[in-house]
Amino acid sequence: MARKPYDPPFSLRLSFEERARLTEQAEGMPLGAYIRSRLLDQPPRRKRLSQIDHDSLLRVLGQLGQSRIANNLNQLAKQANLGTLLVTPETEEALQDASKDIAEIRKLLIQALGLEITP
């Protein structure tokens, strides 16, 4: 079976400082893909999670574990279905706290995914 012809690779020598600078600018993206996207004005194919993204995701997981959102919402839904949900100042505060927790989790997830926050 004949092999397909291919273009020979292009190599580039960089100093340690130049490579470190490019690696920092790439923000976790494979260096070759980053250089190609910059040179050819093409969007990168994929992006690896940077350490910052990884840390953001860890904070999200920590907040999910501490917030008890799922448990609180389940209790509220159960009481609402039974018709026993009284709107007291405590209930209103719990709903506001859950809303704030969800907004913070959304913000952290958007940051972790490298997206821009829209109002």
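Here's how it looks for Met29: its modeled amide H is under 5 Å from those of Arg48, which are all 5 or more places away or on a different chain. Residues Leu95, Leu82 ordered from highest to lowest accessible area at a 1.4 Å probe: Leu82, Leu95. When all protein chains stay in place and ligands, DNA and RNA are ignored, the 1.4 Å accessible-area order of Leu40, Leu109, largest first, is Leu40, Leu109. The largest accessible area among Tyr6, Tyr34 belongs to the first residue in Tyr6, Tyr34, and the rest follow in falling order (1.4 Å probe, all chains). Model label sites at Leu76 and Arg3, defined 7 Å from Cα along the beta-carbon direction, differ in position by 6.4 nm.
Put a plus charge on the Cβ of each Lys and Arg, a minus charge on the Cβ of each Asp and Glu, and nothing anywhere else: the dipole of the range 51-113 about its Cα centre is then about 180 debye.
The values are calculated or read from the model by the stated rules, or taken from the named source; none is laboratory data. Remember, it's a predicted structure, so these values are computed and weren't measured experimentally. A quick note on method: Cβ atoms are made from the backbone with ideal geometry, for glycine too, and the neighbour counts reach across all protein chains shown. Remember, those area values only see protein heavy atoms, side chains included, never the ligands or the DNA or RNA. Shrake-Rupley method; radii C 1.70, N 1.55, O 1.52, S 1.80 Å.
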